[in-house]
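As structure tokens, the structure follows; a few thoughts come after it.
The values are calculated or read from the model by the stated rules, or taken from the named source; none is laboratory data. All figures in this text were calculated on a predicted structure; none of them were measured in a lab. Here the Cβ is made from the backbone with ideal geometry for all residues, glycine too, and neighbour counts use every protein chain on show. The protein model used for the area step is the full one, side chains on, heavy atoms only, and it has no ligands, DNA or RNA in it. Shrake-Rupley method; radii C 1.70, N 1.55, O 1.52, S 1.80 Å.
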Number of protein chains: 4
Amino acid sequence: MGVTDSAHSHRIAALQDRLAAFAAARDWGQYHTPKNLAAALNVEAGELLEIFQWLTPELSATVMEDSESAARVEDEIADVLAYLLQLCTVLGVDPLAALDAKIDRNEERFPVQ
Amino acid sequence: MGVTDSAHSHRIAALQDRLAAFAAARDWGQYHTPKNLAAALNVEAGELLEIFQWLTPELSATVMEDSESAARVEDEIADVLAYLLQLCTVLGVDPLAALDAKIDRNEERFPVQ
Amino acid sequence: MGVTDSAHSHRIAALQDRLAAFAAARDWGQYHTPKNLAAALNVEAGELLEIFQWLTPELSATVMEDSESAARVEDEIADVLAYLLQLCTVLGVDPLAALDAKIDRNEERFPVQ
Amino acid sequence: MGVTDSAHSHRIAALQDRLAAFAAARDWGQYHTPKNLAAALNVEAGELLEIFQWLTPELSATVMEDSESAARVEDEIADVLAYLLQLCTVLGVDPLAALDAKIDRNEERFPVQ
């Protein structure tokens, strides 16, 4: 393994730590109940959807071609991920393990024809 | 670096590959326009919020104590992450880099007192 | 004015009264904080969107042709309206006056070319 | 029946007509597929929830006491109602009848103890 792999290791945990430190430095932890974080996740998911709401399916595939639109998409994706990771932190959920387990279940639920 | 670090490396990319293979095997890629994935992300965020909607802030912090409720939380977190990662795949967005950049901006926007 | 008009009068207020009586009879008023009702509105809006999430724009216009799908649409529209009206009741907002005022503002904001 | 009742009659239908005329004058009808309207409804429901996301249950009950906050609440309620009514128009759904029927079903589903 090289330096690149090392740099990529544990990046989710590092982001969770960074988000926790950010909130702690501003005394925002008091607002970060699981319920509030789940609400904030919905708000940000709505802001992400707002970018696409009036677009045809075809146009929705071109949003990254315009730099202003691309920046907005990345910003909203970051916000969704931020609240999802903070929710995982306060609940003690490992999001990657949860997703791996979910795909396992879906492979049984939706067998390939 | 040891085996553990190696196993943790690139886990996001591995999940994105697994999700893409899952969709391809079922010919579901045709449905995965950015717009549809952003809509699906909202639907799953709503299902996650449903778990908390009538709970007090205090009760919302106990959802992992009941195994049935904990399983439901993990299931919905997995669904939100699945659609977020699939959206990142089709748009070519690196979610972890996007979040790092967003925290950088927020540190300037909300300076610690 | 005839009986038909009379029967249509104040139907929003009558529905708000009916929803309030339904909640009171089950002692559910304690859960109906504005915040919880706004969360429930998001959850139901997500369930409504779920019906359309994978449909093309064209197919989304045919959902009422299938009786099962039509019933589901009506059910989710009813849920969204129920929480919107209950939110208006607890906040003392007149939803129809709010919408009339909003259209007035939008007519100034988006003048016809 | 008096003038007041008359003025209140058919107000929902009048708002639906007003929204349809507003969209037609701007050639926006082309964007108003059921799917897009359901997405827009989610976006606006998210903006309404944003007002409450960090508030305690108690504080969420005071949002109408501040005039700026009250105006924002009324604005977002209007937006949610606007998209719900436009969705009902394009689908041919009577929202008040749908809600009455839903309350009927809920009375059977959740009998009073």
Original post:
What is the one condition in (1) open to solvent by 10 Å² or more (accessible area, probe 1.4 Å); (2) more than 23 Å from C:Gly46 (Cα to Cα); (3) more than 12 Å from the chain's Cα centre (by Cα) that D:Ile12 does not satisfy?
Top reply: (3)
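So that you can scan it fast, the table gives a plain yes or no per residue for (1) in contact with a Pro (Cβ under 6 Å, 6 or more places away or on another chain); (2) among the small types (Gly, Ala, Ser); (3) free of Cβ contacts under 8 Å to residues at least 60 places away in the same chain:
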position: B:Thr56; (1), (2), (3): no, no, yes
position: B:Glu65; (1), (2), (3): no, no, yes
position: B:Ala70; (1), (2), (3): no, yes, yes
position: B:Asp75; (1), (2), (3): no, no, yes
position: B:Val90; (1), (2), (3): yes, no, yes
position: B:Pro95; (1), (2), (3): no, no, no
position: B:Ala98; (1), (2), (3): no, yes, yes
Original post:
Which one of these is modelled with pLDDT under 95 and among the hydrophobic types (A, V, I, L, M, F, W, C): B:Met64, B:Met1?
Top reply: B:Met1
Original post:
For the range A:68-113, which residues satisfy the criterion of being of a type in the set (Gly, Ala, Ser) and under 13 Å from B:Val93 (Cα atoms)?
Top reply: A:Ser69, A:Ala70, A:Ala71, A:Ala78
Original post:
Tally time: how many residues in the range C:35-62 are over 19 Å from A:Ala40 (Cα atoms) and open to solvent by 10 Å² or more (accessible area, probe 1.4 Å)?
Top reply: 11
Subject >> helices (runs of 4 or more DSSP H) enclosed by chain D - at least 2 residues per element that are within 14 Å of chain A (Cβ to nearest Cβ) >> reply: D:34-52, D:57-60, D:67-91
